[in-house]
1. Go through (1) in contact with a strand residue (DSSP E or B) (Cβ under 8 Å, 6 or more places away or on another chain); (2) of a type in the set (Lys, Arg); (3) farther than 24 Å from Asp217 by Cα; (4) surrounded by fewer than 18 Cβ atoms within 10 Å (Cβ to Cβ) one by one and return the number of the condition Arg390 breaks.
2. Can you find a residue that is β-branched (Val, Ile, Thr), over 20 Å from Ala325 (Cβ atoms), assigned to a helix (DSSP H, G or I) and at pLDDT below 95 anywhere in region 385-401?
3. Select, from Asp308, Asp313, the only residue that is among the charged types (D, E, K, R) and touching a residue at least 12 places away in the same chain (Cβ under 8 Å).
4. Would you check which residues across region 349-384 are within 12 Å of Pro440 (Cα to Cα), of a type in the set (Gly, Ala, Ser) and in a strand (DSSP E or B) and list them?
5. Here's a check for you: in region 124-177, which residue that is of a type in the set (Ser, Thr, Tyr) and in a helix (DSSP H, G or I) is nearest to Ser73 (Cα to Cα)?
6. Counting only residues that are small (Gly, Ala, Ser) and either over 22 Å from Tyr130 (Cα atoms) or over 21 Å from the mean Cα position of the chain (by Cα) (or both), how many does region 229-247 have?
7. Can you go through Val382, Val397, Val363, Val405 and tell me which one is among the β-branched types (Val, Ile, Thr) and more than 37 Å from the chain's Cα centre (by Cα)?
8. Given the condition on the phi > 0 side of the Ramachandran plot and either surrounded by fewer than 19 Cβ atoms within 10 Å (Cβ to Cβ) or assigned by TED's automatic domain parsing to the domain that holds Lys33 (or both), answer yes or no: does some residue in region 182-195 qualify?
Amino acid sequence: MDIVDSPLDLIGNTPLVRLSHVGADLACDLVAKVEYVNPGGSVKDRAAVAMLDAAEADGLITPGQSTIVEPTSGNTGVGLAIVAAQRGYRCIFVMSDKMSAEKVRLLEAYGAQVVVCPTAVPPEHPDSYYSTAERLVRETPGAFRPDQYSNPANPEAHYRSTGPEIWRQTDGRVTHFVAGVGTGGTITGVGRYLKEQDPTVQVVAADPEGSVYSGGDGRPYMVEGVGEDFWPSTFDPSVVDRTIMVTDAESFAAARMVTRQEGLLIGGSCGTAVHGALVLGRELGPDALVVVLLPDSGRNYLSKIYDDRWMTDYGFLVAGPGPCAGDVIGAKTTDVPELVVVEPTRPARQAVELMRELGISQVPVSVSTQRPLAEKEIVGTVRELELMERAFADPGVLDRPVADVMGHRLPVVGIGEPVGRLVAELESANAVLVLDGGHPFTVISRADLLNFLGGVARD
């Protein structure tokens, strides 16, 4: 009988699938390593079992007594939870607040405790998901942190399994390997193995805009489970021959395209890798064979990138026929730059001067002024009328930091939202913040909307 003893025996030996529709216009062959068929639904199953096997061999954990604590975007947590269920470990996972609700519920379904932390804080901040994980390790008796970001068993798992599988499945014909980089374990392990077999194999990283691997500083981006805000020791940059930066919009569009054209329901980080592979593939000839690794399934993202409402809210899609927020922006006659922001550490007086200079009545507060801004970097709003009233009662308020006097963030709408949505939001707010491709783009005020509606009426 063909029966395995455990789900752990099903990890690996994932298939290669030709992307015949998505890659139809390419001269090269484009094939995908479909990792979501692993029992935990992602490539992270491989590293999870390898890290716990190594910890058991080293006497660092004992089944039935130890607790696994790990910061995760979800997929590593699932892999660890499967091993834990089989071997009797308790699990505590730390996740950032940009992760989908499905991922939190999935981990909880395996019996894990999940702690959610803010995204828009640096790694050294006490509330960051790295710092929180370290605190939980200190506070939890029998705790063990596998630390996928520094554990050598992570890249070793891919050196011993994923890389050899790709080499065998392509009969040694692979010329290019494309993958996203999170911990760097997959691309490092696979890349090392393939280059040992053939030094001419090119290893290409696909990386989110804002991640350190493609030159960013780790500022927030929306795609999950890929990119980083620091350099993990599990990543060997010498293995990578080229890095292609991919925006959130490009990642999500590619994921949706693969799902609808190939019938492969893939996640956003898969879209990052596929977009990078398509950029690369357009440069290659018929002798090239590009293998792109698809790390996980789109089932964890049904409430996000596969929800048209969510995609429209964040400015990735246009709602449909009829005028939208983008049309209102096009009708604006002001000379004010697309988006004016003030940092929370600035004196409130500077915000007043900025509003007077530009003739605006509110300005968003952002922890960064580097463009493109991230939606999570907008933390509040300074409003001229509110500030004037406070200054009348206490003139010294103008010398306090903006963070002390700012109000709530403006309501957020996508650039493709219908005008009716703007009307509804502006009934209770003086202005809205417009997102384009997930990035704050501009502010639409009541006056801007009235000007647009007046023009439509005249037409």
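1. Condition (1) is where Arg390 drops out.
2. Yes, some residue in region 385-401 is β-branched (Val, Ile, Thr), over 20 Å from Ala325 (Cβ atoms), assigned to a helix (DSSP H, G or I) and at pLDDT below 95.
3. Working: Asp308 fails: touching a residue at least 12 places away in the same chain (Cβ under 8 Å).
Of Asp308, Asp313, the one residue that is among the charged types (D, E, K, R) and touching a residue at least 12 places away in the same chain (Cβ under 8 Å) is Asp313.
4. Across region 349-384, the qualifying residue is only Ser366.
5. Across region 124-177, the extreme among qualifying residues is Tyr129.
6. 1
7. Val397
8. If we filter region 182-195 for residues that are on the phi > 0 side of the Ramachandran plot, which is where we start, we get 184.
Within this subset, residues satisfying the condition of being either surrounded by fewer than 19 Cβ atoms within 10 Å (Cβ to Cβ) or assigned by TED's automatic domain parsing to the domain that holds Lys33 (or both) are 184.
Yes, there is a match, as at least one residue in region 182-195 is on the phi > 0 side of the Ramachandran plot and either surrounded by fewer than 19 Cβ atoms within 10 Å (Cβ to Cβ) or assigned by TED's automatic domain parsing to the domain that holds Lys33 (or both).
The values are calculated or read from the model by the stated rules, or taken from the named source; none is laboratory data. Quick caveat: nothing in here was measured; it's all calculated off a predicted structure. Please note: Cβ atoms are built from the backbone with ideal geometry, for glycine as well, and neighbour counts cover all protein chains shown.
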